[in-house]
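The values are calculated or read from the model by the stated rules, or taken from the named source; none is laboratory data. Treat the numbers as computed from the prediction; the structure is a model and nothing was measured. Here the Cβ positions follow ideal geometry from the backbone for every residue, glycine too, while neighbour counts run over all protein chains shown.
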Amino acid sequence: MHVFPHPEFANYELLDSGRGEKLERFGDYVLRRPDPQALWKPKLSSEAWSDADLRFVRESDRGGRWDGSAPKSWNVDLGKGACVRIQPTPFKHVGLFPEQASNWDYAEKQRVVLAKQGIEQPRLLNLFGYTGAATILAARAGWAVTHCDASRASMDWAAENAQRSGLDEKAVRWMLEDAAKFAAREQRRGKTYHGILLDPPHYGRGPKGEKWQFETDIAPLLTSCQGLLDEMAGSFLVLSTYAIGYSPLAFSNMLQEFPSVTVETGELALPEKGNERFLPCGFCARAVRV
């Protein structure tokens, strides 16, 4: 299985993993939280794990609580002028998916490719944009970014992160919308984007109660994205997912339906500090215009 390269970025480290958990440093604080992929034995001592500032304790299949002494939230500098708020939630998430750094890096490399062809401010569509790390890094690098998410809480968090990162309110086009409906409408309008980022959940709800189910809704969404992807060579689409029981070959087959693209599929994974072990973090497929 191909693992996409994971660049180091400021203020995050995967310190260890094993026995269904991972030990991570976000800025000044070390967090211990569940990860079902970590089936092996930890490498660090039990004392190192016990010293975590926060530990997630699952209380039901709907969530849990955090035990420890870290503050309710804190800021983490991602480098390149981007700063995000980390806030542990009852669902074990913290407002940042660090494995996505591979896709942040890929988007920047494609921006350089497009710049060499005279596209000074390429257009990027970030669907299911969550708290906006990819959006902020892209906007600071020179992309004209449209950020779409169906959650008001995530949208507000992303806007706060953009402000923390020195972006004014007009630097990003914010769309509180159902991703599938927005993409279809943009296609009807004849809009195109040089980059499209997709990191959909398995299940979700839109702002007006719209249902998102990956297995039934991803194909129509990708059909809309076919029309949205600019014809310029170097334009790209990234599809990544976590905790969805499909093969990356299925992703490859869907993206191969795009005309005039090459497709690369593999896994996103986090390297552990000080050893050669990787923690798998989901499948990813990238299509780029040729």
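Being crowded, with 16+ Cβ neighbours inside 10 Å, in contact with a helix residue (DSSP H, G or I) (Cβ under 8 Å, 6 or more places away or on another chain) and not in a strand (DSSP E or B) is the filter here; which residues of segment 247-284 pass it? Within segment 247-284, M254, L255, F258 meet the criteria.
Got a sec? Which of R85, R55, R111 is within 30 Å of H194 (Cβ to Cβ) and in a strand (DSSP E or B)? Don't jump to the end; show me each part of the working.
Values: R55 fails: within 30 Å of H194 (Cβ to Cβ); R111 fails: in a strand (DSSP E or B).
Within the list R85, R55, R111, the selection yields R85.
Filtering segment 199-246 to residues that are basic (K, R) and surrounded by fewer than 13 Cβ atoms within 10 Å (Cβ to Cβ) leaves K208, K211.
For H194, the conditions (1) over 21 Å from the mean Cα position of the chain (by Cα); (2) of a type outside the set (A, V, I, L, M, F, W, C); (3) surrounded by 15 or more Cβ atoms within 10 Å (Cβ to Cβ); (4) modelled with pLDDT of 95 or more all hold with the exception of (1). Among the residues of segment 61-76, at least one is in contact with a Leu (Cβ under 6 Å, 6 or more places away or on another chain), surrounded by 14 or more Cβ atoms within 10 Å (Cβ to Cβ), in a loop (DSSP other than H, G, I, E, B) and in contact (Cβ under 8 Å) with a residue 12 or more places away in the chain.
All of (1) in contact with a strand residue (DSSP E or B) (Cβ under 7 Å, 6 or more places away or on another chain); (2) free of Cβ contacts under 8 Å to residues at least 60 places away in the same chain; (3) surrounded by 15 or more Cβ atoms within 10 Å (Cβ to Cβ); (4) more than 16 Å from L78 (Cα to Cα) hold for I136 with one exception: (4). Looking only at segment 88-108, residues that are in a helix (DSSP H, G or I), among the hydroxyl-bearing types (S, T, Y) and within 19 Å of V76 (Cα to Cα) come to 1 in all.
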